[in-house]
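The values are calculated or read from the model by the stated rules, or taken from the named source; none is laboratory data. Given the structure is predicted, the values throughout are model-derived calculations rather than measurements. Neighbour counts run over all protein chains shown; Cβ positions are idealised from the backbone, glycine included.
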Amino acid sequence: MKPHRVTTDFQTGQAQIFKNPFLESLTKTNPISNIIVYGITIAAIAYVAIAMKGISVLGFLGLFAIGFASWTLAEYLLHRYLFHWYNEWRWTKRFHFIMHGSHHQYPKDEERLLMPPVPGLILASLLFGIFYLLFWIFGFPNLTWGYFPGFFLGYLMYSFVHRAIHVKRPPKRFKHLWHHHNLHHFQYPDKAYGVSNTFWDKVFGTMPPKPQKR
């Protein structure tokens, strides 16, 4: 597995992911749809955790906070090693284009700045299963129901930060995040993998070079 330096050349408009109109429609979304679908999903998992799995409210809040914080590391690792995974095999090129390459080519495509609900829920189910297995290995599978809502909310918050960076002017307080992500898109595609934060780029040595002072 090797990271791919996706092109810094970009276009306006939209990429065509699938020729089939129905499948193509599943690659697009809007903020309201995501808030409703993912919000209900998070609330439903939280309800199961407390009302059906017997996790106390205090215990749930602790697991929720751990899940929320751990998303930041997952954000960095997924972006660096999965979304930028590329080699000469045809299917990996296709996978790369669907997952992330199209976004680098069309960074202003507002309908694809968020993960659409259908593929999003499929990926969430897969991740839930992985976490459930890990917690089961250590003998506490039910803790997944408290941990995953926080992890999922962390993803949801990150996704809206990512969208805002591409469509809105930066608030003064968060201008450094806008600058950091734009460096990833337009100058250093093999650096600046963090979107909602720069912490893990500092830890793993993928911060972009600082501009030279004249």
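Quickly run through the range 49-78 and pick out the residues that are of a type outside the set (S, T, Y) and crowded, with 18+ Cβ neighbours inside 10 Å. Residues satisfying the conditions are A49, I55, F60, L63, F64, G67, F68, W71, E75, L78. Residues that are touching a residue at least 60 places away in the same chain (Cβ under 8 Å) and under 19 Å from the mean Cα position of the chain (by Cα) number at least 1 in the following helices (runs of 4 or more DSSP H) confined to the range 17-128: 31-47, 57-77, 90-96, 102-105.
Among the residues of the range 158-176, those identified as free of Cβ contacts under 8 Å to residues at least 40 places away in the same chain and within 15 Å of the chain's Cα centre (by Cα) are V161, A164, I165. Within the option set G205, G194, being of a type outside the set (V, I, T) and in contact (Cβ under 8 Å) with a residue 12 or more places away in the chain holds for one residue only, G194. For F135, the conditions (1) over 23 Å from G39 (Cα atoms); (2) out of contact with any Asp or Glu (no Cβ under 9 Å at 6 or more places or on another chain); (3) modelled with pLDDT under 90; (4) buried (at least 17 other Cβ atoms within 10 Å of the Cβ) all hold with the exception of (3). Within the range 166-181, the set of residues being touching a His at 6+ places or on another chain (Cβ under 9 Å) and either at pLDDT 95 or above or in a helix (DSSP H, G or I) (or both) comprises H166, H181. Under 15 Å from P107 (Cα atoms), out of contact with any strand residue (DSSP E or B) (no Cβ under 6 Å at 6 or more places or on another chain) and part of a helix (DSSP H, G or I): does that describe R163? Taking the combined requirement at face value, the residue satisfies it. Is it the case that some residue within the range 197-208 is touching a His at 6+ places or on another chain (Cβ under 7 Å), more than 27 Å from G54 (Cα to Cα) and among the charged types (D, E, K, R)? No, the range 197-208 contains no residue that is touching a His at 6+ places or on another chain (Cβ under 7 Å), more than 27 Å from G54 (Cα to Cα) and among the charged types (D, E, K, R). Is there a residue in the range 161-179 that is out of contact with any Lys or Arg (no Cβ under 8 Å at 6 or more places or on another chain) and closer than 20 Å to A65 by Cβ? Within the range 161-179 (the criterion being out of contact with any Lys or Arg (no Cβ under 8 Å at 6 or more places or on another chain) and closer than 20 Å to A65 by Cβ), the answer is yes, since at least one residue qualifies.
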